[in-house]
Each structure stands twice: as structure tokens, then as C-alpha cells.
1. Would a scan of the range 166-174 turn up a residue that is under 25 Å from R482 (Cβ atoms) and surrounded by fewer than 18 Cβ atoms within 10 Å (Cβ to Cβ)?
2. Does any residue in the range 70-94 that is in contact (Cβ under 8 Å) with a residue 60 or more places away in the chain and on the phi < 0 side of the Ramachandran plot come within less than 6 Å, Cβ to Cβ, of a residue that is in a strand (DSSP E or B) and aromatic (F, W, Y) six or more places away or on a different chain, and which pairs are these?
3. Sort out which residues of the range 120-140 are assigned to a strand (DSSP E or B) and within 16 Å of the ligand (Cβ to nearest atom), and write them in order of number.
4. For K298, work out the one condition from (1) surrounded by 19 or more Cβ atoms within 10 Å (Cβ to Cβ); (2) more than 13 Å from V355 (Cα to Cα); (3) among the basic types (K, R) it doesn't fulfil.
5. Quick check: anything in the range 393-407 farther than 25 Å from G248 by Cβ and within 15 Å of the ligand (Cβ to nearest atom)?
6. L292 is checked against (1) of a type in the set (A, V, I, L, M, F, W, C); (2) in contact with a Phe, Trp or Tyr (Cβ under 9 Å, 6 or more places away or on another chain); (3) surrounded by 15 or more Cβ atoms within 10 Å (Cβ to Cβ) and fails just one. What number does that condition carry?
7. Tell me whether the range 54-67 contains one or more residues that are at pLDDT 95 or above and within 22 Å of the chain's Cα centre (by Cα).
8. If only one of A437, A441 is crowded, with 20+ Cβ neighbours inside 10 Å, without any contact (Cβ under 8 Å) to a residue 40 or more places away in the chain and closer than 25 Å to V319 by Cα, which one is it?
Amino acid sequence: MKNVLFVASECYPFIKTGGLADVVGALPKMFNKNEFDVRVVIPKYMCIPWEYRQKFKYVTSFYMDLGKLPQHIYVGIMMYEHEGIKYYFIDNEHYFGGDKPYGNIRQDVEKFCFFDKAVLAMLPVINFKPDIIHCHDWQTGLVPVYLRTLFSSNGFFWGTKTIMTIHNLKFQGIWNINMFKYYTGLPDYVFSPSNMEYKRDGNMLKGGIVFADYVTTVSDSYAGEIQMPYYGEGLDGLIRKKNYALCGIVNGIDYNVYNPEHDIQIYEHYTPDNFKENKVKNKRGLQKELGLPIDDGKFMIGIISRLTDQKGIDLVNWVMERIVDPNTQFVVIGTGDDKYENLFRHYEWKYKDRVSANIFYSDNRAHKLYAAADAMLMPSRFEPCGLTQLISLRYGTVPIVRETGGLRDTVQPYNWYEQSGTGFTFKNYNAEEMLAAINYAKTVYFTERDKWNGIVWRGMKQDFSWGKSAGRYAELYYRLTR
Ligand code: GLC
């Protein structure tokens, strides 16, 4: 039996701002219970909904020293068992009391300096000795660093191996070195250029990559891309150096949550065998709900995304007037940067009968859009994996994506001659190229519906459930602890 601890800053269903939470929520359940005891630890944010928080059970608490802080800091441990997995929550109201999980970077860095140390300090107390500590993204980058320094003489961790999984290299947790020294108490050599130093600052993700036994990222293509300057975010050199201990393992999605055959949130259920008659009922339902003209004949394009620079919204802006022709409806769901939110509000105002801007996040509406749309647009600048295209494929909604990262690995371009492929793709970060892909999709949709239906059908038949990828993580866990 191997013990595995997932450490992360978010986890569905407790707290979610992005795909990270979906992965941390789904993956631990996928391992064989006779081989692996997988547990999860995240902060006990005050903004976790009360319906969950009220069920957390107090386990224990203690006081921990932290860097050069004069006083010892309270660490509360709560536990909740949910769908067969033990979740731990680190409690400290000073750090986790806000109304959002993240705020300004200065405070976020400090609170994860605390969290990462508290995670290690907790383990002997609850007597869970992990064979593998599996860390996710910059917020947990100090776990491998603390383990190999401040905790290295603690026999409890003898044999414990660490994995650092990169879900997004863009965010690294960078702040002033003196502050890191103050809040972590880590020895000076840790802040050298070959360790945590990055352009004179401290960098938590860099620390995680250097000190972890193994590094993974969430698709094969992204694992290759981040070794090049364009995608490397300043760490490509380090990642090339570490590539003997790096691989990409593509994410899956939870096939119980995302299943058009049983999804209780959508207007009408459908399968690969009856989507032709039934999927369109979802379009009608959503058109009515959104106040768009109810018309089966419109080509409905969806965007479900954080509205940030990463997601390629600039390209959409460049050619929006040409995307939303009279035969097209465009529905966006998401929040993010003001300029992108306002852009879609503007187009909704200008094209009331074609554009619906849902500038909020609603899980329910997202499910309805996955079921209703004909195509889903993801023109990302970079995309470590992307989950939206995987969910779209499952719902028979044809992805239109840029060939980058996980998008490239999971969507095969439509090929007319072979009648193969599951979506429409374009290569360069260029608005005209994106528009050409969208127009090609429209042409097939309006003039060769049988072929379009073939694309839909092939997409629905793909398997992006977690099984295969969980198997690769299991192999890695064995390999590292042999
Ligand atoms: C981040 C990435 C996204 C990935 C997700 C889960 O949100 O931007 O591409 O799917 O993490 O790994």
C-alpha cells in the first residue's frame, strides 16, 4: 500500500477558481483503493461554502514556528471524508479568512509560505506518512523545498518523494527574497540562482521544480513547449536541465459529472446514437433562457473560459464583427479582466439577437451551453491542458481550437479526404487564421451536415475519462518509490 498526499490551493467541490480544482477534485478518486491511500490537503478558506464547512471535523491543532516571526502560529487541522477520500483542511483565520482564495500576491505568497510548512508539520501529528507528496502549482512549491531543508533530519519523512505538477507556468509566486527569508526561515543557499532565485527575487514554483524528485505537466505538448523560450516564462532553461525527470500526463474529466446521457442540468438527454434529434432541443431551451431568437438553423458558438490574456480573447475581439453574421449566435460564460468582460458586454449591446454575454460563472448555465452549442471556441495563446474542449467533445460540441499544448493533443483537425478528425484547428496566434477555421466549420455545418454529424459523432466517441492518465500517475508513483 502506498500513501499519497495531494497538496493544492483549490479542490472541487469545496473551492474552485479554475481547472486546477477540477483535477485535484477528480484524480484522487481514480486510484485503486487496495494499492493507494490518496488523501488531499487544502487551506480551510472561510469562503468554502457553509454546507461543506459545517461538516468538517476538528482533528487537532498545534502552534508552529514560522521563519523569523516572533510568535508561534496556530495550525488547526480539520478533516472531512467525501466520496471515499479523506480531505484535510489547514485552519488559520488570519491567513484564510478572506472572501476569495487569492488576493494580492504579497499576501498570497506569505500565506502559502505558511500553508506549505503547516502541511509537513501536520503529517507526523496525524501520523500519515506519505510515500509521495504530490504538489500542484506555485502555491505548493515550497513543500519540496522545506522537505529537503528544514525537515531533512526528521526521520518521519525518510523515503518520502515529491512530485511537482505544473498546471500553469505563467504563475510562479514571485516576491522579494528578504521577505521569503523572513517568512520561511529557509537557509541562504536556497535563494541562490541555481535554486529559488529568479531575477533577484524569490520564486516558489522554481523552488518546487528544483527540489522536487519529479516534475509533471498536464499534457505532452506543453511539456515540450515549456522547454522553449516562447512558452517557458523565463524557466525554460531550468526545465530543459530537469527534463530527465519531466513528463506530460494529459488531464481527464469526470465522466460521471459530464455525461449528456444523464446530466440533470441540461434540457434534453442524448447519446452518440440520438444526438441528431435530441441535442438541438438543448439549443432551443438555452435560446429561450437567454432571450435569443429560437431557431434551430443558427450556428451557436460558445466560449466558457476565464476571460484572461491566456485565453486568446484578443483574437476574438479583432474579428468579432465577422464572426457574428446573421446565421450565428455567440454565447460566452465567464469572468476575468475588465477589458474582456466589457468587450463582450459591448457586443451583446450591439448585437442583441446574436450575442449573449454571461459575465458570471454558473455551473448550471455552463452545462446547458455545452449541450446546446454547435461549436466551442478556444483560441488560447497557450493552454497547458484545457478541460473545456474535453467536455465539449463529450457533449458533441465541436471544438475550434488553436494548436497549442493540450488543445493540440486532444483535438484532431477535421480532414475532409479521410473523413477523420474531431474539431477545427489553426496554428498561429493570428485572428485571420482563427476566423478561417471558424468559417470552415460554418461551411461544413451549413453545406455538408452529414459530414458535420460525423465530426460530432467521432468526438462523442473519444475517451477522455481519467482512467488512462490515472494509470500513468500510478506508474510514476511506483517508479519513484521502488
Ligand atoms: C490550468 C491550465 C489549464 C489546465 C488546468 C488543469 O487552469 O490553464 O490548461 O487544464 O490548469 O490542469
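The values are calculated or read from the model by the stated rules, or taken from the named source; none is laboratory data. Note that this is a predicted model, so its numbers are computed, not measured. Counting neighbours? That spans all protein chains shown, and the Cβs are built from the backbone with ideal geometry, glycine included.
1. Among the residues of the range 166-174, not one is under 25 Å from R482 (Cβ atoms) and surrounded by fewer than 18 Cβ atoms within 10 Å (Cβ to Cβ), which makes the answer no.
2. Y87/Y80
3. Correct list: H134, C135, H136.
4. With respect to (1) surrounded by 19 or more Cβ atoms within 10 Å (Cβ to Cβ); (2) more than 13 Å from V355 (Cα to Cα); (3) among the basic types (K, R), K298 is out only on (2).
5. So far as the range 393-407 goes, no, none of its residues is farther than 25 Å from G248 by Cβ and within 15 Å of the ligand (Cβ to nearest atom).
6. Failing condition for L292: (2).
7. no
8. So the residue among A437, A441 that is crowded, with 20+ Cβ neighbours inside 10 Å, without any contact (Cβ under 8 Å) to a residue 40 or more places away in the chain and closer than 25 Å to V319 by Cα is A437.
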